[in-house]
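Below is one structure; the comments refer to it alone.
The values are calculated or read from the model by the stated rules, or taken from the named source; none is laboratory data. Predicted, not measured: the structure shown is a model, and the values here were computed from it. Here the Cβ is made from the backbone with ideal geometry for all residues, glycine too, and neighbour counts use every protein chain on show. Side chains are part of the model used for accessible areas, which takes the heavy atoms of the whole protein and leaves out ligands, DNA and RNA. Shrake-Rupley method; radii C 1.70, N 1.55, O 1.52, S 1.80 Å.
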Amino acid sequence: GPLGSAYAYLFKYIIIGDTGVGKSCLLLQFTDKRFQPVHDLTIGVEFGARMITIDGKQIKLQIWDTAGQESFRSITRSYYRGAAGALLVYDITRRDTFNHLTTWLEDARQHSNSNMVIMLIGNKSDLESRREVKKEEGEAFAREHGLIFMETSAKTASNVEEAFINTAKEIYEK
Ligand code: GTP
Ligand code: MG
(Lines give C-alpha, C1' and ligand atoms only; values in the text may rest on other atoms or scores of the structure.)
(Ligands and ions follow the chains in the order given, each with its own letter.)
Protein backbone atom coordinates (compact mmCIF):
# COMPACT_ATOMS: atom_id res chain seq x y z
CA GLY A 1 0.00 0.00 0.00
CA PRO A 2 0.98 3.66 -0.09
CA LEU A 3 2.36 3.61 3.48
CA GLY A 4 4.38 0.46 2.86
CA SER A 5 6.26 2.04 0.00
CA ALA A 6 7.12 5.23 1.86
CA TYR A 7 10.77 6.10 2.34
CA ALA A 8 12.70 8.95 3.92
CA TYR A 9 15.59 9.07 1.46
CA LEU A 10 16.46 7.89 -2.02
CA PHE A 11 20.12 7.11 -2.72
CA LYS A 12 21.34 6.45 -6.23
CA TYR A 13 24.30 4.04 -6.65
CA ILE A 14 26.38 3.16 -9.66
CA ILE A 15 28.36 -0.10 -9.89
CA ILE A 16 31.54 0.12 -11.98
CA GLY A 17 34.61 -1.96 -12.79
CA ASP A 18 36.04 -4.27 -15.46
CA THR A 19 33.94 -6.87 -17.27
CA GLY A 20 33.51 -10.16 -15.42
CA VAL A 21 34.42 -8.92 -11.93
CA GLY A 22 30.93 -9.75 -10.64
CA LYS A 23 29.05 -6.42 -10.65
CA SER A 24 25.74 -7.93 -11.81
CA CYS A 25 26.14 -10.87 -9.41
CA LEU A 26 26.66 -8.52 -6.46
CA LEU A 27 23.47 -6.65 -7.39
CA LEU A 28 21.50 -9.89 -7.86
CA GLN A 29 22.71 -11.24 -4.49
CA PHE A 30 21.73 -7.96 -2.81
CA THR A 31 18.27 -7.61 -4.40
CA ASP A 32 17.24 -11.27 -4.94
CA LYS A 33 19.58 -13.30 -2.68
CA ARG A 34 20.55 -15.44 -5.66
CA PHE A 35 23.79 -16.25 -7.47
CA GLN A 36 24.11 -16.43 -11.25
CA PRO A 37 26.98 -18.84 -12.14
CA VAL A 38 27.03 -17.88 -15.84
CA HIS A 39 28.46 -14.57 -17.09
CA ASP A 40 25.46 -12.71 -18.55
CA LEU A 41 27.42 -9.86 -20.08
CA THR A 42 25.69 -6.60 -19.26
CA ILE A 43 24.78 -4.54 -22.32
CA GLY A 44 24.64 -0.83 -21.48
CA VAL A 45 23.11 -0.67 -18.00
CA GLU A 46 20.77 -2.69 -15.82
CA PHE A 47 18.73 -1.47 -12.88
CA GLY A 48 17.92 -2.77 -9.42
CA ALA A 49 16.32 -1.39 -6.27
CA ARG A 50 15.97 -2.34 -2.61
CA MET A 51 14.85 -0.77 0.62
CA ILE A 52 17.15 -0.69 3.64
CA THR A 53 16.87 0.79 7.13
CA ILE A 54 19.49 3.04 8.71
CA ASP A 55 19.03 4.75 12.03
CA GLY A 56 15.34 3.74 11.93
CA LYS A 57 14.89 5.48 8.57
CA GLN A 58 13.71 3.74 5.42
CA ILE A 59 16.11 4.36 2.56
CA LYS A 60 15.48 3.32 -1.00
CA LEU A 61 18.58 2.32 -2.95
CA GLN A 62 18.28 2.82 -6.69
CA ILE A 63 21.18 0.93 -8.26
CA TRP A 64 22.59 1.23 -11.77
CA ASP A 65 24.70 -1.78 -12.81
CA THR A 66 26.94 -0.77 -15.72
CA ALA A 67 28.68 -2.78 -18.43
CA GLY A 68 32.40 -3.29 -17.81
CA GLN A 69 33.30 -3.79 -21.45
CA GLU A 70 35.37 -0.97 -22.90
CA SER A 71 32.93 -0.35 -25.78
CA PHE A 72 30.23 0.75 -23.29
CA ARG A 73 32.43 3.24 -21.45
CA SER A 74 30.71 6.36 -22.81
CA ILE A 75 27.27 5.03 -21.79
CA THR A 76 28.62 4.28 -18.31
CA ARG A 77 29.90 7.85 -17.98
CA SER A 78 26.40 9.24 -18.45
CA TYR A 79 25.15 7.34 -15.35
CA TYR A 80 27.41 9.02 -12.77
CA ARG A 81 25.16 12.06 -12.69
CA GLY A 82 23.27 12.28 -9.39
CA ALA A 83 24.93 9.19 -7.90
CA ALA A 84 25.49 9.47 -4.14
CA GLY A 85 27.49 6.25 -4.03
CA ALA A 86 29.66 4.12 -6.29
CA LEU A 87 30.74 0.52 -5.86
CA LEU A 88 34.08 0.16 -7.65
CA VAL A 89 34.65 -3.57 -8.11
CA TYR A 90 37.72 -5.66 -8.97
CA ASP A 91 38.22 -9.43 -8.98
CA ILE A 92 40.77 -10.70 -6.42
CA THR A 93 41.67 -13.55 -8.83
CA ARG A 94 42.53 -11.18 -11.73
CA ARG A 95 45.42 -8.78 -11.16
CA ASP A 96 44.57 -6.81 -14.33
CA THR A 97 41.18 -5.79 -12.88
CA PHE A 98 43.04 -4.33 -9.88
CA ASN A 99 45.57 -2.56 -12.12
CA HIS A 100 42.71 -0.81 -13.95
CA LEU A 101 41.33 0.80 -10.77
CA THR A 102 43.17 4.10 -11.31
CA THR A 103 41.49 4.53 -14.71
CA TRP A 104 38.06 3.78 -13.18
CA LEU A 105 38.71 6.22 -10.38
CA GLU A 106 39.73 8.99 -12.78
CA ASP A 107 36.52 8.42 -14.74
CA ALA A 108 34.40 8.40 -11.59
CA ARG A 109 35.98 11.54 -10.16
CA GLN A 110 35.64 13.37 -13.47
CA HIS A 111 31.96 12.56 -14.08
CA SER A 112 30.40 12.49 -10.59
CA ASN A 113 29.68 14.88 -7.72
CA SER A 114 32.83 15.57 -5.74
CA ASN A 115 31.19 14.24 -2.56
CA MET A 116 30.17 10.85 -4.04
CA VAL A 117 31.07 8.03 -1.62
CA ILE A 118 33.16 5.32 -3.26
CA MET A 119 33.27 1.79 -1.85
CA LEU A 120 36.14 -0.30 -3.27
CA ILE A 121 35.18 -3.97 -3.50
CA GLY A 122 37.52 -6.92 -3.95
CA ASN A 123 35.02 -9.55 -5.12
CA LYS A 124 35.23 -13.38 -5.39
CA SER A 125 36.73 -13.82 -1.91
CA ASP A 126 35.47 -17.42 -2.02
CA LEU A 127 38.19 -18.23 -4.59
CA GLU A 128 41.06 -18.04 -2.09
CA SER A 129 43.20 -20.63 -3.94
CA ARG A 130 43.17 -18.48 -7.09
CA ARG A 131 43.83 -15.17 -5.33
CA GLU A 132 46.20 -12.79 -7.19
CA VAL A 133 45.58 -9.61 -5.16
CA LYS A 134 46.23 -9.56 -1.41
CA LYS A 135 43.61 -8.04 0.86
CA GLU A 136 46.32 -5.66 2.15
CA GLU A 137 46.80 -4.29 -1.39
CA GLY A 138 43.09 -3.44 -1.63
CA GLU A 139 43.22 -1.80 1.80
CA ALA A 140 46.30 0.24 0.82
CA PHE A 141 44.75 1.41 -2.46
CA ALA A 142 41.58 2.47 -0.62
CA ARG A 143 43.54 4.32 2.08
CA GLU A 144 45.64 6.13 -0.52
CA HIS A 145 42.58 7.30 -2.49
CA GLY A 146 40.14 7.98 0.35
CA LEU A 147 37.77 5.08 -0.37
CA ILE A 148 36.06 2.62 1.91
CA PHE A 149 36.94 -1.04 1.27
CA MET A 150 35.56 -4.54 1.65
CA GLU A 151 36.19 -7.97 0.20
CA THR A 152 33.00 -9.74 -0.82
CA SER A 153 31.70 -12.91 -2.42
CA ALA A 154 28.61 -12.62 -4.58
CA LYS A 155 28.60 -16.44 -4.59
CA THR A 156 28.48 -17.08 -0.82
CA ALA A 157 26.92 -13.64 -0.08
CA SER A 158 29.80 -12.86 2.30
CA ASN A 159 29.87 -9.09 3.05
CA VAL A 160 27.40 -8.27 0.23
CA GLU A 161 24.77 -6.73 2.54
CA GLU A 162 27.54 -4.93 4.42
CA ALA A 163 29.03 -3.42 1.25
CA PHE A 164 25.74 -1.86 0.12
CA ILE A 165 24.68 -0.83 3.63
CA ASN A 166 28.02 0.60 4.79
CA THR A 167 28.07 2.79 1.67
CA ALA A 168 24.61 4.10 2.60
CA LYS A 169 25.72 4.74 6.20
CA GLU A 170 28.64 6.80 4.93
CA ILE A 171 26.31 8.83 2.66
CA TYR A 172 23.77 9.25 5.48
CA GLU A 173 26.41 10.56 7.89
CA LYS A 174 27.72 13.15 5.43
P1 GTP B 1 29.96 -7.23 -17.16
O2 GTP B 1 28.48 -7.18 -17.12
O3 GTP B 1 30.49 -7.81 -18.45
O4 GTP B 1 30.62 -5.91 -16.88
O5 GTP B 1 30.46 -8.27 -15.98
P6 GTP B 1 30.03 -8.30 -14.45
O7 GTP B 1 31.03 -7.52 -13.65
O8 GTP B 1 28.61 -7.90 -14.29
O9 GTP B 1 30.23 -9.83 -14.05
P10 GTP B 1 29.09 -10.90 -13.64
O11 GTP B 1 28.38 -10.45 -12.41
O12 GTP B 1 28.27 -11.22 -14.80
O13 GTP B 1 30.02 -12.14 -13.23
C14 GTP B 1 31.01 -12.66 -14.10
C15 GTP B 1 31.32 -14.10 -13.74
O16 GTP B 1 31.90 -14.18 -12.44
C17 GTP B 1 30.08 -15.01 -13.69
O18 GTP B 1 30.40 -16.27 -14.22
C19 GTP B 1 29.77 -15.09 -12.21
O20 GTP B 1 29.11 -16.27 -11.85
C21 GTP B 1 31.17 -15.04 -11.60
N22 GTP B 1 31.15 -14.47 -10.23
C23 GTP B 1 30.67 -13.26 -9.88
N24 GTP B 1 30.86 -13.04 -8.57
C25 GTP B 1 31.48 -14.13 -8.08
C26 GTP B 1 31.96 -14.50 -6.78
O27 GTP B 1 31.87 -13.77 -5.79
N28 GTP B 1 32.57 -15.73 -6.68
C29 GTP B 1 32.71 -16.57 -7.74
N30 GTP B 1 33.31 -17.74 -7.52
N31 GTP B 1 32.28 -16.24 -8.98
C32 GTP B 1 31.68 -15.05 -9.15
MG1 MG C 1 27.21 -7.25 -15.58
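Miscellaneous remarks
- Note on the chain: with a GNM built from Cα contacts shorter than 10 Å, the maximum mean-square fluctuation among LYS124, LYS12, LYS57 falls on LYS57.
- Taking each of LYS23/LYS155; LYS23/LYS169; LYS57/LYS155; LYS23/LYS124; LYS60/LYS155 in turn, the alpha-carbon distance tops 18 angstrom for LYS23/LYS169; LYS57/LYS155; LYS60/LYS155.
- Point-charge dipole on Cβ atoms (K/R +1, D/E -1) for the range 73-174, about Cα centre, debye to 20: 320
- Sulfur and carbon atoms: percent of accessible area, the range 21-170 [1.4 Å]: 47
- Rg and Dmax of the chain, Cα atoms only, in Å: 15.2, 49
- Heavy-atom accessible area per residue - the range 50-174, 1.4 Å, Å²: 49
- Charge dipole (Cα centre; +1 on Lys/Arg Cβ, -1 on Asp/Glu Cβ; no other charges) of the chain amounts to roughly 380 debye.
- Note on the range 124-153 and the range 54-111: Cα centroid distance 16 Å, given to the nearest whole angstrom.
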